[in-house]
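Report on the structure given below.
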Amino acid sequence: MNHEDINPVPVKRKFFTPGVIVLCVLALNALVFLAIRFFYGIGTVTNLDNQYPWGIWIGIDVAAGVALAAGGFTTAALGHVMHREEYAAVIRPALLTAMLGYTFVAMGVLVDLGRWYYIYHPIYMWNGNSALFEVGICVMIYLTVLYIEFLPIVTERFIGKVNLPGILSKLNKLADKILRVLDRGLAKTMFIFIIAGVVLSTLHQSSLGTLMIIAGPKMHPLWQTPILPLLFLLSAIAVGFPMVIFESLIASRSLKLKSEMHILSKLGGMIAPLLGLYLAFKIGDMVIRETFVYLTEFNTASIMFTIEILFGVVIPLRMLLSPKVLKSPSLLFTAAALVIAGVLLNRINNFIVAYTPPYADYSYFPSIGEISVTIGFVAILVLLYRFFVINFPVVSVPGKHSGKSAKYTVKGVK
Amino acid sequence: MSGKSRRDFLKSSALIGAGITGLSSNSAKAAPENILSPDRMGVLVDTTVCIGCRNCEWACKEAHDIPAGDLESYENREIMKNDRRPDHTALTVINEYSPGKHSNLPVNVKVQCMHCDHPACVSACIVGAFSKQDNGSVIWDTDMCIGCRYCMVACPFQIPTFEYHKALQPDITKCDFCFERTKEGKLPACVDICPVEALTYGPRTELVLIARERIRRNPERYIGHIFGEYEVGGTSWMYLASKDYNELGFPQLGNDPAPGVSESIQHGIFAYFVPPASLYALLGGMMWLSKRRKELEQEEKI
């Protein structure tokens, strides 16, 4: 039977707090810059130009966004594919993060596209040679899969509770029936989407790494390597559980819930091997291509690379090998935050720091507008997360047992 | 993977795409062409002949409906003090460098799209808006482009540019080898106007022979290197010079086609969708087995 009692319920809290109001201000600030971008063009609010075509809207909003939403597919693989039911409590929060994260990846792409109104073109204009095409199609399908995976949470919220206002109340019964049919259909077919979600994730997480390979010598040799897709996939897998831990600890603090340390410690224990594997490939690649010589130079690239590896991989790896760290919420939080910062920095390094075009006469640094939009997107994401957690059954509260944990399994095994 | 099977793969994926999206194969545009016709044309730029009159800049603008101004105003050489790059206001520019070994006059270098034989932009473009045409031109289709600027990230010569201050329909701009003019049998505008015949237009294979012959006849005038003959797999535009290309603003590039590595990775991961499908089957199997194991454990307990 279940190791843990899982009972996801809407968390009863007020939506507005002083922190939430700060987030709202940040979100509004981003909307102002976005309005300028859509009325006067990308060049008006960004520092992008013909030398630096891609900035933090791609490097952070898209590339890092996709990586940091990896918690969705790693927990799905652990909880549903490998049937480790003891982790069921973290699947829904991770799914919500992935759903919101990928939604904002799509938003990030939209605002960065010069002709954003043609965003649907890749659906029927195919270029199988293009890594970007692969990423685009995979993200589109995966986003749909994430919405489908989230639907049961919506049906669960409203089944038996449909209460439409006024004249629409006549439709209450019908709406309820539709929800029940939908719920039953989803329960039977969900395993298809769960597996598809994992496959799609491995595909586009790695293809994101292929993206910059075509830039060839424009990219600093410390990062430019043919195994970039593998490194991107391994780092995405390694950052999945740290993201879950990071969010869970922040959410339980912000919503004043008891933290689920018994699950998080176990999750934390799995990070070190994954991170170690990533580090092994990263160092192995450096040794084989003899790129360590670039570390003897003292410049932005070598400093950023050292910070990325030391603080983003080596230190958290050492920390997570210690049982003491795994048991302490604050130390575990620190280690998880370091891994996340390391992957974030890695994506920034790959897409921005490493990129030097042949005729560059200055270095790119993001404008106030670019930074505002990126921060604003994160703020809106956090606000939506709070909204969903308060209004939908996402977070598990220990105590009652709902008996729904074994819902999504391959058919044929009873 | 060979070029032919890659094209076949693309054709079949385009068909699948058309089927999935429920569109007729007419509206689903095929994946980008990269026809390497043996008769493809090129231009040989002899930088030892060019006098830097910048008439080509003027003619190029006239041919592409870009405000060009008076031809006389191009005599001003002040503008050449700093290196310039092509953009949406000029698809080609002339830069000036210190004299080479053949004379005491400055060396002038015309800059425009090189029209690679294996173009990175064609490989990279998410929607396949770029194509390498039969006649050697690498051209861009405004009806497809979504403005993602991946072509700019990919291009080893930093050539495609973007209209950053246009809110609607910003274009990717670059030299199109006067595709519309050559279709009608005319010369590219720059070649047509050049008063000193620094630009030679002709089949690429013949241009290579001409270039080698010039080097052979005047070894004291030229360095023995035709830029573009082999760089990034060969380019339609090629250069002759009297000094090292690195001193003339050319990027240092290898001879492998720019999209080679990324394309082989891409086709390795997606070889006829076998790897993704296998992963799907593997995960499905794991899900089934782990579920079954759980069930057996439970039965034992009962």
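When the Gaussian network model of chain A links Cα atoms closer than 10 Å, the mean-square fluctuations of A:L383, A:L171, A:L211 top out at A:L171. By the beta carbon rule, with partners counted only under 4.7 Å, the protein assembly as shown holds these lone Cys residues: A:C24, A:C138, B:C50, B:C53, B:C60, B:C116, B:C125, B:C145, B:C148, B:C155, B:C178, B:C194.
Binning all Cα-Cα separations of region A:1-63 at 5 Å, short to long from zero, yields these whole-percent fractions: 4, 12, 12, 15, 12, 9, 10, 8, 7, 5, 4, 1, 0. Note on A:Y120 and A:A175: the model spin-label points, each 7 Å out from Cα along the C-beta direction, lie 2.8 nm apart. Each of A:Y362 and A:Y40 was given a label point 7 Å from its Cα along the Cα-to-Cβ line. The distance between the two points is 1.7 nm.
To the nearest µm²/s, what D does Stokes-Einstein give for region A:28-98 at 10 °C and 1.306 mPa s, using the Kirkwood radius over alpha carbon pairs as Rh? The Stokes-Einstein estimate is 107 µm²/s. Neighbour counts of other Cβ atoms within 10 Å put A:R347, A:R157, A:R37 in the fewest-to-most order A:R157, A:R37, A:R347.
Not counting the cut sites, what is the longest span of chain A without GluC sites (Glu not before Pro) that DSSP labels loop and that have at most 15 other Cβ atoms within 10 Å? In chain A, the maximal stretch lacking such sites is A:1-289. Across region A:52-146, C-alpha contacts under 8 Å between residues 6 or more apart give a mean separation that, scaled by the residue count, equals a relative contact order of 30 percent. Computed over chain B, the quotient of the alpha carbon radius of gyration and 2.2 N^0.38 Å is 1.28. Here the label points at A:V22 and A:L168, each 7 Å from Cα along the C-beta direction, are separated by 3.6 nm in the simple model.
Partner aspartates and glutamates whose Cα lies under 12 Å from the Cα of B:K110, excluding those fewer than 8 positions away in the same chain, are identified as B:D46, B:E57, B:D83, B:E96. Largest first and in whole Å, the equivalent-ellipsoid semi-axes of region B:43-165 read 29, 17, 13, each the square root of five times a Cα gyration tensor eigenvalue. Within the set B:K132/B:K174; A:K12/A:K258; B:K61/B:K81, which residue pairs have Cα atoms separated by over 18 Å? Among B:K132/B:K174; A:K12/A:K258; B:K61/B:K81, the Cα-Cα distance tops 18 Å for B:K61/B:K81.
Phi-derived couplings, Karplus 6.51 cos²θ - 1.76 cosθ + 1.60 at θ = phi - 60°, listed residue by residue for region A:62-72: 8, 5, 5, x, 5, 5, 6, 8, 5, x, x Hz, with x used for Gly and Pro.
Please give the length that would be gained between B:K101 and B:K81 if that part of the chain were fully extended, namely 0.36 nm times their separation in residues minus their C-alpha to C-alpha distance (nm, one decimal).
Taking 0.36 nm per residue and subtracting the Cα distance, the gain is 5.1 nm.
If R0 is taken as 41 Å, the Cβ-Cβ distance between A:R253 and A:L31 corresponds to a FRET efficiency of 0.90. When you filter the GluC sites (Glu not before Pro) in region B:197-233 for DSSP loop state and at most 14 other Cβ atoms inside 10 Å of their Cβ, you are left with B:E197, B:E220. Sorted fewest first by neighbouring Cβ atoms within 10 angstrom, B:M238, A:M319 come out as A:M319, B:M238.
Fewest-first ordering of A:K266, B:K166 by other beta carbons within 10 Å of each residue's beta carbon gives A:K266, B:K166. Residues considered: B:I265, B:I172, B:I51. Largest GNM mean-square fluctuation over chain B, using C-alpha springs under 10 Å, is found at B:I265. On the beta carbon distance between A:I371 and A:Y294, with R0 = 30 Å, the FRET formula returns roughly 0.60. For B:L187 and A:L110, the FRET efficiency from 1/(1 + (r/R0)^6), where r spans their Cβ atoms and R0 equals 60 Å, is about 0.90. For chain B, the 222 nm mean residue ellipticity estimated from helices alone, with every DSSP H stretch of n ≥ 4 adding -39500 (n - 2.57) and the total spread over all residues, rounds to -10000 deg cm²/dmol. Size descriptor for chain A, Kirkwood hydrodynamic radius: 22.6 Å (Cα pairs only, one decimal). Residues within the reach of a label modelled at A:L310 (point 7 angstrom out along Cα to beta-carbon, backbone nitrogen below 18 Å), restricted to region A:319-342, are A:319, A:335, A:338-342. Taking a ≥ b ≥ c as the square roots of the eigenvalues of the alpha-carbon gyration tensor, region A:242-294 is classed prolate because a/c is 1.5 or more and a/b outweighs b/c.
Cα-Cα over 31 Å: which of A:K282/B:K243; A:K266/B:K294; A:K188/A:K282; A:K14/A:K161?
A:K282/B:K243; A:K188/A:K282
Counting only the Cα atoms, the protein assembly as shown fills a convex hull of 191 Å³ per residue.
Here, each number is a calculation from the coordinates, and none is a lab measurement. Since we're looking at a predicted model, the values are computed, not measured. Please note: Cβ atoms are built from the backbone with ideal geometry, for glycine as well, and neighbour counts cover all protein chains shown.
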